[in-house]
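The values are calculated or read from the model by the stated rules, or taken from the named source; none is laboratory data. Please read all numbers here as calculations on a predicted model, not as lab measurements. Here the Cβ positions follow ideal geometry from the backbone for every residue, glycine too, while neighbour counts run over all protein chains shown. Only protein heavy atoms, including side chains, enter the accessible area calculation; ligands, DNA and RNA are left aside. Shrake-Rupley method; radii C 1.70, N 1.55, O 1.52, S 1.80 Å.
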Amino acid sequence: MKLTWPLSVCGAFGAAGMIAALAQNSTTPTLPNGTTPYNLTVPAGLPAPPLPSDNRLTVQGVALGQRLFNEKLLSGNKMQACSSCHRPGSAFSDQGNALSKGSTGAKGTRNAPGLFNLAYQHDYFWDGREATLRAQALDPIQNPVEMNQTLANAVANLQKDATYPAQFAKAFGSKGITPGRIGLALEQYELTLFAGSSKFDLVQRKLAKFTPQEQQGFDVFRTPFNPRNGQFGGDCARCHGGPLFSDFKFRNNGLDANPTDAGREGVTKNPRDFATFKTPSLRNLTATGPYMHDGRISTLDEVVGHYSSGIVQSQTLDPGLARENGGVHLNASDHDALVAFLKTLVDSSFTKPIYP
Ligand code: HEC
Ligand code: HEC
């Protein structure tokens, strides 16, 4: 049986297993006056992240971003922060809630994803409607079913605070609190969230060993489903391959015969994108359930059941999944092994609250 796994992974994981410290490009614009470069550490095995050259990470900017991420003053009723729905001990997801409640108690229509390895993406939200983290960050503040606040009021609340005006001046080298700066600081903080120290990563670096069942699950994960060639794998790596466990492309993975959420089509207006959603990473899954864009699937067991025999036909169903006659039909042993493998992708630093 031939196993395929993107070459980039082998390359990345074959490299010496030390934590790589990233020197930021020195030809990019100078740092704001009085700031200190932030020493970003990226787990070995993850590729060098492309970082924005016009928002270089500084100690002061990241600290401000972290404070703002936890800041309830950014919401209309001063009761909700980003971290209310993106909880640090739950890989920055709203674990346990299919849909999140906004500050007024109203619910949105999509599941709050975990936040990590964001530096490698360029289309944020399930439908990819925002191209940068700085732009993305201003959406939940203003969204009526999330923080329900105007940017003007959010700025005014921070301006009235005893310490924010000085902290913004320190982070940006000059006085002034603006929506743009709120976005830049949140972006800096979010860019520092890397998940790449799971059991899987340790195994790649030969610092740990899979159990036989986990190894079987890894083989199921990366083996294609191609009965004519005698291949009966789960074929997961075709879309969730590489060290990020996603290529972040938009697809329909067969959840509905008559989808009600237009997904990516709402952004591109292209009917071929109807009901397609960004392929999510599979890291940290035990901390981020329930699963899928609307949180409809509660357990990893049921997720594997979906791909095994629950794939539903519709016009934009991914062509690879459409060939599979309802799924990859895993036997019970491969099914359980795949679930066991998925659990090796959890980075324990994302399952503990990191704030006091
Ligand atoms: C009420 C809950 C809630 C709050 C508060 C909230 N978010 Fe979210 N967040 C969500 C939901 C739900 C989504 C997915 C929405 C979608 O895709 O349409 C999301 C998506 C995101 C994404 C996209 C991740 C990806 O993989 O594409 C980022 C980044 C993010 N939020 C950051 C923030 C920041 C920064 C704040 C604070 C300014 C914040 N969120 C506040 C619920 C929330
Ligand atoms: C054709 C591409 C494709 C293949 C193959 C595929 N997936 Fe997915 N996967 C997706 C897409 C797209 C989504 C998001 C769908 C949505 O929410 O509407 C997704 C979502 C998921 C989720 C939910 C993650 C979350 O954070 O909500 C899990 C878990 C998952 N897939 C596991 C697997 C496993 C295990 C396999 C192999 C048996 C697999 N996938 C095969 C494209 C794929």
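The listed residues are Gln204, Gln231, and the only one of them that is more than 23 Å from the chain's Cα centre (by Cα) and not hydrophobic (A, V, I, L, M, F, W, C) turns out to be Gln231.
Between Phe232, Phe194, Phe250, Phe245, the distinction of being in contact (Cβ under 8 Å) with a residue 60 or more places away in the chain, within 8 Å of ligand 2 (Cβ to nearest atom) and among the aromatic types (Phe, Trp, Tyr) belongs to Phe250 only. For the stretch 208-233, the set of residues classified as assigned to a loop (DSSP other than H, G, I, E, B), open to solvent by 10 Å² or more (accessible area, probe 1.4 Å) and of a type outside the set (Ser, Thr, Tyr) consists of Ala208, Lys209, Phe210, Pro224, Gly230, listed by residue number. Remark: Ser281 falls outside the filter, which requires a residue to be assigned to a helix (DSSP H, G or I), surrounded by 15 or more Cβ atoms within 10 Å (Cβ to Cβ) and out of contact with any strand residue (DSSP E or B) (no Cβ under 9 Å at 6 or more places or on another chain).
Looking only at the stretch 332-342, decide whether some residue is away from ligand 1 (no atom under 16 Å from the Cβ) and under 18 Å from the mean Cα position of the chain (by Cα). Looking for residues that are away from ligand 1 (no atom under 16 Å from the Cβ) and under 18 Å from the mean Cα position of the chain (by Cα), one finds at least one in the stretch 332-342, hence yes. Inspect all residues belonging to the stretch 193-207 and state whether any of them is under 18 Å from Leu338 (Cα atoms), β-branched (Val, Ile, Thr) and surrounded by 15 or more Cβ atoms within 10 Å (Cβ to Cβ). Yes; the residues of the stretch 193-207 include at least one that is under 18 Å from Leu338 (Cα atoms), β-branched (Val, Ile, Thr) and surrounded by 15 or more Cβ atoms within 10 Å (Cβ to Cβ). Here Gly295 does not fit the description of being over 22 Å from Phe200 (Cβ atoms), assigned to a helix (DSSP H, G or I) and open to solvent by less than 40 Å² (accessible area, probe 1.4 Å). Within the stretch 96-115, if we keep just the residues that are of a type in the set (S, T, N, Q) and away from ligand 2 (no atom under 13 Å from the Cβ), the residue that is nearest to the chain's Cα centre (by Cα) turns out to be Ser100. Return yes when Ser83 is under 17 Å from Asp161 (Cβ atoms), at pLDDT 95 or above and near ligand 1 (Cβ under 9 Å from one of its atoms) and no when it is not. No; evaluated as a whole, the condition is false for this residue.
For the residues Ala135, Ala154, Ala112, Ala98, the requirement of being surrounded by 22 or more Cβ atoms within 10 Å (Cβ to Cβ), more than 8 Å from ligand 1 (Cβ to nearest atom) and of a type in the set (Gly, Ala, Ser) singles out Ala154.
Annotation: of all residues in the stretch 256-278 being more than 10 Å from ligand 2 (Cβ to nearest atom) and within 23 Å of Val328 (Cα to Cα), the one that is least open to solvent (accessible area, probe 1.4 Å) is Ala257.
Scanning the stretch 299-346 for residues that are part of a loop (DSSP other than H, G, I, E, B), open to solvent by 40 Å² or more (accessible area, probe 1.4 Å) and either closer than 18 Å to Leu282 by Cβ or not assigned by TED's automatic domain parsing to the domain that holds Ser281 (or both) turns up just one, Thr299. The residue list Thr41, Thr58, Thr35 contains one member that is in the same structural domain as Leu151 (by TED's automatic domain parsing) and at pLDDT below 95, which is Thr41.
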